[in-house]
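Everything below concerns the one structure shown next.
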Amino acid sequence: DDVSLSIYDVSGRRIRSFVTGDLCSGALLWRAEDDGGRRVKSGIYFVRLKVGESTVTKKLVLLE
């Protein structure tokens with residue numbers, strides 16, 4: 001199945017996109033940077049994982 005994992009800010013803007021395509025199981029580390037490599041601020045973010053037709057969204061609180 002195709003897999004994608006993205007992080008969004010509270011306004012719904014995509015901050016970081018990690019993976020598209022096939023992916024093996026494992027862990028992923030987010031260094032609190034956007035797609036341009038800039039550090040993001042403390043706050044609330046949402047992590048969205050899509051696998052095939054299934055989607056899971058979880059809230060993430062980033063504290064510096």
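Rule-based calculations on the coordinates, nothing more; no lab input. Keep in mind that this is a model prediction, so the values were computed, not measured. No Cβ is skipped: glycine too gets one built from the backbone with ideal geometry, and neighbour counts run over all protein chains shown.
Across Ser11, Ser42, Ser25, mean-square fluctuation computed from a Gaussian network of the chain (C-alpha pairs under 10 Å connected) peaks at Ser25.
Counting only residues at least eight positions apart within a chain, or on another chain, the aspartates and glutamates with an alpha carbon under 14 Å from that of Lys41 are Asp9, Glu33, Glu64.
Using R₀ = 30 Å, calculate the FRET efficiency as 1/(1 + (r/R₀)^6) where r is the Cβ-Cβ separation of Arg39 and Asp2; round to 0.05.
On the way: r = 29 Å, r/R0 = 0.98.
Efficiency computed from Cβ-Cβ geometry: 0.55.
In percent, rounded to a whole number, the relative contact order of region 3-62 is 36, using alpha-carbon pairs under 8 Å and six or more apart.
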